[in-house]
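As structure tokens, the structure follows; a few thoughts come after it.
Computed from the coordinates by the stated procedures, all read-outs in this text should not be read as laboratory data. Computed from a prediction, not measured in an experiment: that's the story for all the values here. Quick reminder, even Gly has a Cβ in these numbers, built from the backbone with ideal geometry, and neighbours come from all protein chains shown.
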């Protein structure tokens, strides 16, 4: 990736800047430092998003940041373009957000005031939804959709969770039964649910804490979806925390301090979020750590599906 990084620095007028790899998940993210400023240079996973989808993401987060939501601000290259294609890799740059992650997978929540920070996160999530609803999107805006088809259709966004190759026969039966029931249940209520642009990945690693300020990063999974899906994503990753009930109450209280939210179907969306990871890992079995993650995803989903199906 070094040649691409160097080419990108030239395009952004940052030749000779110091840079280092800070994340290698869906995207490769580099911290670039020059003249006392820091930036996040993103090299996107090939084939994940179209150019149109990435340009739409950049337009959206620029609007969020301008309206006071804790989101990164896109940085234009010297030619004023926000996205470039280098050797087949989509490249863009954001300003570097301060603070530290709220926590990490397996590392717990890194904050003294756990319920306080979850209340603040609920508030920030609601602001993101509110600003997004009030924004007039460009005519060519394009992001994927976490709708019923994107979650449970024949070609869901994150692969068919029922076809995870490591499922046992018993699991496969359970997952198939949930898919059928969830599809029916969601079909009955989908027109009544709050739906719009969502972050879709507000897990601990994607929430930066700086004093009383929260910053939301990594909009890679963002798109259209049910607002309960955003809530469910955050809660799912904290199910095993000893104070989970208090964290859930705080998150919802914070959200409702900004806008209304009907949580009658929250259990459905927590279960739906759990199975998306079982589908997601299916095409990544050869990556480092995939075996452990796959087992964790299946165990979590199995318990939630059994509870949902009664």
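Quick one: angle between helix 244-256 and the longest Cα principal axis of the chain, in degrees between 0 and 90, rounded to 10, please.
So the inclination is approximately 60 degrees.
For the stretch 140-172 and the stretch 219-281, what is the separation of their C-alpha centers, rounded to whole Å?
18 Å
Expected output is a single nm value to one decimal: the length gained when fully extending between residue 148 and residue 177, i.e. 0.36 nm times separation in residues minus the C-alpha distance. What is it?
Details: separation 29, 0.36 × 29 = 10.44 nm, distance 1.60 nm.
Between residue 148 and residue 177, full extension yields 8.8 nm more.
Can you give the convex hull volume per residue for the Cα atoms of the stretch 1-52, as a whole number of Å³?
86 Å³
Please say if the stretch 95-175 is rounded, prolate or oblate, where rounded means a/c under 1.5 for a ≥ b ≥ c the square roots of the C-alpha gyration tensor eigenvalues, and otherwise the choice is prolate for a/b larger than b/c and oblate otherwise?
Judged from the Cα gyration tensor, the stretch 95-175 comes out oblate (a/c at least 1.5, b/c at or above a/b).
Measure nothing but the geometry: give the 0 to 90° angle between the long axis through the Cα atoms of 114-134 and the longest principal axis through the Cα atoms of the chain, rounded to 10°.
80 degrees
Which percent, nearest 5, of DSSP beta bridges in the stretch 101-309 are antiparallel?
If we restrict to bridges inside the stretch 101-309, about 85 percent are antiparallel.
Shape of the stretch 1-108 from its Cα gyration tensor (a ≥ b ≥ c, root eigenvalues): rounded if a/c is under 1.5, otherwise prolate when a/b > b/c, or oblate?
It comes out rounded by the Cα gyration axes.
With each pseudo-label sitting 7 Å past Cα toward Cβ, what's the residue 193-residue 287 distance in nm, one decimal?
Between residue 193 and residue 287, the simple spin-label model gives 2.5 nm.
If I fit a long axis through the Cα atoms of helix 169-189 and take the longest principal axis of the Cα atoms of the chain, what angle between them do I get, 0 to 90°, rounded to 10?
On a 0 to 90 degree scale, this one is about 80.
With r defined as the distance between the Cβ atoms of residue 112 and residue 38 and R0 fixed at 25 Å, what FRET efficiency is calculated, to the nearest 0.05?
Working: r = 26 Å, r/R0 = 1.05.
Computed FRET efficiency for residue 112 and residue 38 comes out at 0.45.
So what are the radius of gyration and Dmax for the Cα set of the chain, in Å?
According to the Cα coordinates of the chain, Rg and Dmax are 19.5, 60 Å.
Between residue 170 and residue 239, take the C-beta separation as r, use R0 = 22 Å, and let me know the FRET efficiency to the nearest 0.05. Spell out each step's value before the answer.
Working: r = 22 Å, r/R0 = 0.99.
My answer for the efficiency is 0.50.
Does the stretch 166-297 come out rounded, prolate or oblate, given a ≥ b ≥ c as the square roots of the eigenvalues of its C-alpha gyration tensor, rounded meaning a/c under 1.5 and, failing that, prolate meaning a/b above b/c?
It comes out oblate by the Cα gyration axes.
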